[in-house]
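**Q** My structure is below; once you've seen it, I'll send some questions.
The values are calculated or read from the model by the stated rules, or taken from the named source; none is laboratory data. Bear in mind that the values here come from a model prediction, so they are computed numbers and not experimental data. Neighbour counts are summed over all protein chains in view; Cβ atoms, including those assigned to glycine, are modelled from backbone coordinates with ideal geometry. Accessible surface areas use protein heavy atoms only, side chains included; no ligands, DNA or RNA. Shrake-Rupley method; radii C 1.70, N 1.55, O 1.52, S 1.80 Å.
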Amino acid sequence: MPALAWLVVLTGAPVLRGQSAPQWTRVIWYTYNADHPLSGRWELHFDGSYRPTLGSPARQWMVRPGVNVRLSDRLRLSLAYSYFNTHPNGMGAEEGQTREHRLHQQVEHSIPWRRNVIRHRFRMEERWLSSPHREGMRDSWRWQDRPRYMLRLDRPLPFGGKSARPVFTAYGEVLFSFASPAASAFEQHRGYTGITWRLAQRFSVETGVMHQAVKSTAGPFRHNVIIQLTLRNNAPLRDLFGWMRGN
């Protein structure tokens with residue numbers, strides 16, 4: 001019960017209270033997400049996404065390889081590298097482009113509760129952020145540490161058959177930062193709801209909507225509504241190579 005109470009708080013976007021005339025941006029995240037079991041407890045991770053902003057030429061893309069190790073059925077550790085490339089004036093325009101190199105270390109703990117799974121995730125990020133690109137000028141870089149915590153609920157829905165039953169997901173996440181442009185330890189809040197649809201034993205599609213409230217240098221929060229479409233692949237790597245060879 002305490003975990004569910006915290007989930008209500010985290011997904012309720014408390015930062016919305018007291019805000020007047022917020023600015024809303026609509027974004028779509030098209031994502032591929034894979035965790036391929038290797039030998040023993042190890043997994044190879046990879047995800048990537050393309051993120052267009054609706055009503056704007058702004059585009060972002062990201063790739064993230066990494067590794068996971070399962071210490072138990074409920075506890076998993078991860079290490080990953082991410083590269084982000086953001087084009088505020090469209091993919092063909094270099095002016096104003098920003099880049100980011102990121103490392104993160106992650107702990108995820110899952111707890112079965114009745115018909116649900118409660119997940120706690122703590123992630124620590126080390127970020128190298130570039131300045132906006134200007135023609136004829138050298139880009140500068142700054143460093144930022146960013147801890148973040150997520151509380152997630154997964155609940156199978158009562159239809160679709162036992163093997164293909166869709167799963168409802170809700171989570172809340174808070175992100176803090178050091179050396180933040182917001183000049184505050186609190187940086188942003190994310191609240192998400194979605195449904196995962198199983199396509200096959202190892203493949204599924206997740207559709208959902210996230211509200212993202214980001215603290216800005218001016219004081220008020222910047223709000224994003226993010227529509228997410230994610231293809232998930234959890235096939236063992238040896239099986240994946242077998243399919244690629246046509247076996």
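**Q** Tell me the net charge near Glu173. Cut-off is 13 Å between Cβ atoms, Glu173 excluded, with +1 for each Lys or Arg and -1 for each Asp or Glu.
**A** With Lys, Arg at +1 and Asp, Glu at -1, the net is +4.
**Q** Equivalent ellipsoid semi-axes for the stretch 26-85, as square roots of 5 times the alpha carbon gyration tensor eigenvalues: give them largest first, rounded to whole Å.
**A** Square roots of five times the eigenvalues give 30, 10, 8 Å.
**Q** Do you know the relative contact order of the stretch 55-166, to the nearest whole percent, from alpha carbon pairs under 8 angstrom that are 6+ apart?
**A** With pairs under 8 Å counted, the relative contact order is 19 percent.
**Q** Using protein chains only and a probe of 1.4 angstrom, how many square angstrom of Phe46 are accessible, to the nearest 10?
**A** Accessible area, nearest 10 Å²: 80 Å².
**Q** Something else: What whole number of Å gives the distance from the Cα centroid of the stretch 189-234 to the Cα centroid of the stretch 74-90?
**A** Answer, in whole Å: 14.
**Q** Can you tell me the order of 190-196, 65-71, 109-115 when each peptide is scored by its average per-residue count of other Cβ atoms within 10 angstrom, highest first?
**A** Top of the packing list down: 190-196, 65-71, 109-115.
**Q** Go through His211, His120 and list them by solvent-accessible area, largest first, probe radius 1.4 Å.
**A** Ranking His211, His120 by accessible area, largest first, yields His120, His211.
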